[in-house]
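Okay, so here's the structure we're looking at.
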Amino acid sequence: QVQLVESGGGSVQAGGSRRLSCVVSGGAFGASGMAWFRQGPGKERAFVAAIHSNGLVTKYADSVKGRFTISRENAKNTVYLQMNSLKPEDTVVYYCAATARLSYALRSTDYRYWGQGTQVTVSS
């Protein structure tokens with residue numbers, strides 16, 4: 001059974017940084033495209049960033065481009081989301097997701113496995 005466990009959420013002031021981690025167990029992490037999504041109250045889950053299984057190709061939502069960086073360490077079965085220059089509007093729950101294919105996808109429906117989510121709160 002594939003499990004994803006996020007960590008690193010918490011409170012930070014606007015302009016600050018936070019790094020989220022997601023450890024994957026029970027699956028072929030090295031062969032899985034990975035992504036981060038986020039969801040606010042009453043809103044749909046939105047794409048944030050994704051990374052190919054080889055770690056060389058990434059994709060970002062326009063709202064986080066230049067501020068967030070996704071990366072992965074296949075040897076540790078871990079994907080990261082480095083978040084810099086955080087804004088109050090980044091305050092939501094962040095979810096890690098894994099596909100069952102080598103490349104990544106932009107739609108939440110293309111991801112088979114999900115973590116439980118981690119809350120990030122940015123205060124002004």
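The values are calculated or read from the model by the stated rules, or taken from the named source; none is laboratory data. Keep in mind the model is a prediction, meaning the values are calculated, not measured. For neighbour counting, all protein chains shown are included, and Cβ atoms are generated from backbone atoms with ideal geometry for every residue, glycine included. Remember, those area values only see protein heavy atoms, side chains included, never the ligands or the DNA or RNA. Shrake-Rupley method; radii C 1.70, N 1.55, O 1.52, S 1.80 Å.
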Quiz item: What pairs come up if the first residue lies in region 21-34 and is closer than 13 Å to LYS76 by Cα and outside any loop (DSSP other than H, G, I, E, B), the second is open to solvent by less than 40 Å² (accessible area, probe 1.4 Å) and among the charged types (D, E, K, R), and their beta carbons are under 6 Å apart, counting only those six or more places apart or on different chains?
Solution: CYS22/GLU6
Quiz item: Which ones in region 64-100 are over 10 Å from the mean Cα position of the chain (by Cα) and polar (S, T, N, Q)?
Solution: ASN74, ASN77, THR78, ASN84, SER85, THR91, THR99
Exercise. Starting from residues that are open to solvent by 40 Å² or more (accessible area, probe 1.4 Å) and of a type in the set (Val, Ile, Thr), keep the ones in region 5-52 and report whichever is nearest to PRO88 (Cα to Cα).
Key: VAL5
Quiz item: Looking at ALA49, is it part of a strand (DSSP E or B), within 16 Å of GLN3 (Cα to Cα) and not polar (S, T, N, Q)?
Solution: no
Exercise. Keeping to region 62-119, report how many residues are open to solvent by less than 70 Å² (accessible area, probe 1.4 Å), outside any strand (DSSP E or B) and of a type in the set (Val, Ile, Thr).
Key: 3
